[in-house]
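Down below is the structure, laid out as structure tokens.
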Amino acid sequence: MIKHVVMWTIKEGIDGKTKEQNILRLKVMLDDLVGKIPEIKELEVGVNYNASPAAYDLVLYSVFKDKEELAIYQDHPDHVKVKEFVAKVADKRAVVDYEV
């Protein structure tokens, strides 16, 4: 099993939206990948409430059978659309992929 964890901080005012609106837009886009990309075994998206300056705004936790299925997910057209949105709105990104 591969666990894929990504965290983002989101910029203010992109596409005429507030930071909070774009966080929710990204959450919906990520949640909507379930059912569209069969390689996703589990997917959870969380919006941060911690006010710490070290905190990220949004986290994605997802599970894949193996590295090959993770690669299929990353290249899937629906995921590519999400990545294009992220490229516009994200300020920082952190990622960890690990095998269990």
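The values are calculated or read from the model by the stated rules, or taken from the named source; none is laboratory data. Computed from a predicted structure; not experimentally measured. Backbone-built Cβ (ideal geometry, glycine too); neighbour counts: all protein chains shown. Just so you know, the surface numbers come from the protein's heavy atoms only, side chains and all, with ligands and any DNA or RNA stripped out. Shrake-Rupley method; radii C 1.70, N 1.55, O 1.52, S 1.80 Å.
You can think of it this way: the chain between Tyr98 and Val34 has 21.0 nm of extra reach, that is 0.36 nm per residue less the Cα-Cα gap.
Rounded to a whole number, what % of the accessible area of region 41-81 do carbon and sulfur atoms account for, probe 1.4 Å?
Values: 1340 of 2520 Å².
The nonpolar share, carbon plus sulfur, comes to 53 percent.
Surface analysis of the chain yields an accessible area of 59 Å² per residue, using protein heavy atoms and a 1.4 Å probe. Estimated from helices alone, the mean residue ellipticity of the chain at 222 nm is -11000 deg cm²/dmol (sum of -39500 (n - 2.57) over DSSP H runs with n ≥ 4, per residue).
Model label points for Asp91 and Lys41, set 7 angstrom from Cα along the Cα-to-Cβ axis, are 3.5 nm apart. Got a sec? Which residues in region 33-73 would a label at Lys3 touch, if it sits 7 Å along Cα→Cβ and we count backbone N under 11 Å? Counting backbone N atoms under 11 Å from the label point, the list is 61-63. In order along region 89-100, the phi-based Karplus estimate (6.51 cos²θ - 1.76 cosθ + 1.60, θ = phi - 60°) of 3J(HN,Hα) comes to 9, 7, 9, 10, 9, 10, 9, 9, 10, 9, 10, 10 Hz; Gly and Pro are listed as x.
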